[in-house]
Amino acid sequence: MNPQENSELLAALMRQEELLKQLVATINKPKLGLHSEAGSCKIYCNRQHGGLWYTLNGEPSDVPQTALTGYLKELRFENTERRKKETCKLLITMQADRTYILESGYDTHFSKSLLTAIATLTPEQLYSPITLQPTPGTTDESVLFCRVWVGSELIKASYGEETDWKATARQALDVVKAASEMVF
């Protein structure tokens, strides 16, 4: 490259960097005025109330959307009490137009299919938005799976009786943690 081409390339890169900064600033702006989206939204991932997932605002309310796209920010397990019984839940934090916290039983097919798929990803793949899609089981009306998409690619990861769930969960947690610590 000659000096003129280098200069033009540098100028183009600087314009691109400025546009990227403006885009990031626009995305990070809070909504102004009246709206109903303050705080986080907790979504329960099971078919208990007729849909695939639901929220609780006093009464269960079906979530009609069939997928959630955003940045996977955190996976964690939490012990809690439900129906006067101690139970463990998987909490999935997604950042999209607001923060969504998805809750699923730690040993459900939803959690197992999500953890298995996330465990196969790289931190670089989680630096981009992913899509979580609740998918009903075909033979049992109580079963709910979670499809994980990176862009337009469905992440296919199988599991079975022989799956080491502690190792799979640890790998998924590690990938999410590494992605959250990445700096570009």
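Details
- Scanning the stretch 122-149 for residues that are closer than 16 Å to LEU173 by Cα and either of a type in the set (Ser, Thr, Tyr) or crowded, with 17+ Cβ neighbours inside 10 Å (or both) yields THR122, GLN125, LEU126, TYR127, ILE130, VAL148.
- Pick from the stretch 61-120, criterion part of a strand (DSSP E or B), of a type in the set (Lys, Arg) and without any contact (Cβ under 8 Å) to a residue 60 or more places away in the chain, ranking: surrounded by the most Cβ atoms within 10 Å (Cβ to Cβ): LYS89
- Put simply, of THR168, THR131, THR135, THR163 the only residue that is among the hydroxyl-bearing types (Ser, Thr, Tyr) and assigned to a loop (DSSP other than H, G, I, E, B) is THR163.
- Condition check for VAL143: in contact with a His (Cβ under 6 Å, 6 or more places away or on another chain) and in contact (Cβ under 8 Å) with a residue 24 or more places away in the chain: yes
- Scope the stretch 94-121; condition farther than 17 Å from ARG170 by Cα and of a type in the set (Lys, Arg); matching residues: ARG98
Since every read-out is calculated from the coordinates, none of them should be taken as a lab result. Model, not experiment: these values are computed from the prediction. Positions of Cβ are backbone-derived with ideal geometry, glycine not excepted, and every protein chain shown enters the neighbour counts.
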